[in-house]
Amino acid sequence: MPEFAKTKAGVDASEKKTLGEGLFRKCEACGDAVKKEDFARNLEVCPACGAHFHLAAERWIALLGDEGSWTPRDTELVAADPLCFVDSKAYPARVDAARTSTGVNDAILAGEARIDGRPVQLGVFVFRFMGGSMGSVVGEVITRLMERGAEKRQPVVLLSCSGGARMQEGALSLMLMAKTVAARGKLREARVPFISVLLNPTTGGVAASFALQGDVNIAEPGALIGFAGPRVIEDTIRQKLPDGFQRSEFLLEHGMIDLISSRREMRDTIARLVEYLSP
């Protein structure tokens, strides 16, 4: 009777690799391989180490607002190209590509919502749109958001996630720093609370204007917050910066922000503040 070699049932290594592709995501902080569905279920927070990664603006709105309460505003605004700016591609082509990939007109979503039944003016940066950079549209939307808050006497909750002012609009984008700060001043005059939430990263002209002017400044764990990045500062001053410099924990320790809230606790944290501070 002929002998036959036994073969092990299953798949070989190359097939296993193919089957595993697309199912797992390597955490950039701890290196663990985590199922993508577990990341999504955990609001883009690593279940192993707690590192926070980008959460889409639409998911933030769903997380913070009461179900069915969201009404978007100022969605018709689109960026112009007064400088006819061209880098590796023309500015209008870059904006069109961002619109196609994100499904929004610019780097912010703003509107009206309710948080635990209380009306608020809510804005969330869209980092996927040109790094959340602030140009004329973003600055105008933020200005209108704050003006509505002052007029309706509703708290303004603004989640910032941005690389700063949009270089393709040059000095025009820098002018929006002053405009948004002036709008924030109207909120203060009306004695309407401004709750500023700083996500990773909040830098450049956004950090240097309205983002750190909240009545309460909240940050997520590990968020990079500051004007210039640490590498730029080190190259300029030719000194090594302290560990964790410009991260939210460092800023809390040095009195630059008021508190740090994890993503799962953020809704409850903001809801308590809205209840306590509402006029």
Looking for whichever is in the same structural domain as LEU259 (by TED's automatic domain parsing) and at positive phi here; the options are GLY132, GLY205, GLY185, GLY123. Which one fits? GLY132
Looking for whichever is surrounded by fewer than 20 Cβ atoms within 10 Å (Cβ to Cβ) and either within 20 Å of the chain's Cα centre (by Cα) or among the hydrophobic types (A, V, I, L, M, F, W, C) (or both) here; the options are ASP235, ASP258, ASP243. Which one fits? ASP258
Would you confirm whether or not the range 247-262 contains a residue that is under 18 Å from TRP60 (Cα atoms) and not in a loop (DSSP other than H, G, I, E, B)? yes
In the range 165-193, residues that are more than 21 Å from ALA113 (Cβ to Cβ) and crowded, with 24+ Cβ neighbours inside 10 Å total 4
Can you spot a residue in the range 196-210 that is assigned to a helix (DSSP H, G or I), more than 27 Å from SER88 (Cα to Cα), touching a strand residue (DSSP E or B) at 6+ places or on another chain (Cβ under 9 Å) and not hydrophobic (A, V, I, L, M, F, W, C)? no
Yes or no: the range 72-81 includes at least one residue that is among the aliphatic types (A, V, I, L, M), farther than 24 Å from VAL157 by Cβ, surrounded by fewer than 14 Cβ atoms within 10 Å (Cβ to Cβ) and touching a Phe, Trp or Tyr at 6+ places or on another chain (Cβ under 9 Å). no
What are the pairs, 6+ residues apart or on separate chains, where a residue within the range 172-192 that is within 17 Å of GLY204 (Cβ to Cβ) has its Cβ under 7 Å from a residue that is of a type in the set (Lys, Arg)? SER173/ARG166
Per the filter on the range 118-138, residues in a helix (DSSP H, G or I), of a type outside the set (Val, Ile, Thr), surrounded by fewer than 24 Cβ atoms within 10 Å (Cβ to Cβ) and touching a strand residue (DSSP E or B) at 6+ places or on another chain (Cβ under 9 Å) are GLY131
Would the range 99-117 turn up any residue that is surrounded by 24 or more Cβ atoms within 10 Å (Cβ to Cβ), under 22 Å from the mean Cα position of the chain (by Cα), assigned by TED's automatic domain parsing to the domain that holds ARG184 and among the charged types (D, E, K, R)? yes
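The values are calculated or read from the model by the stated rules, or taken from the named source; none is laboratory data. Bear in mind that the values here come from a model prediction, so they are computed numbers and not experimental data. Cβ sites come from the backbone with ideal geometry, for glycine too, and all protein chains shown count toward neighbours.
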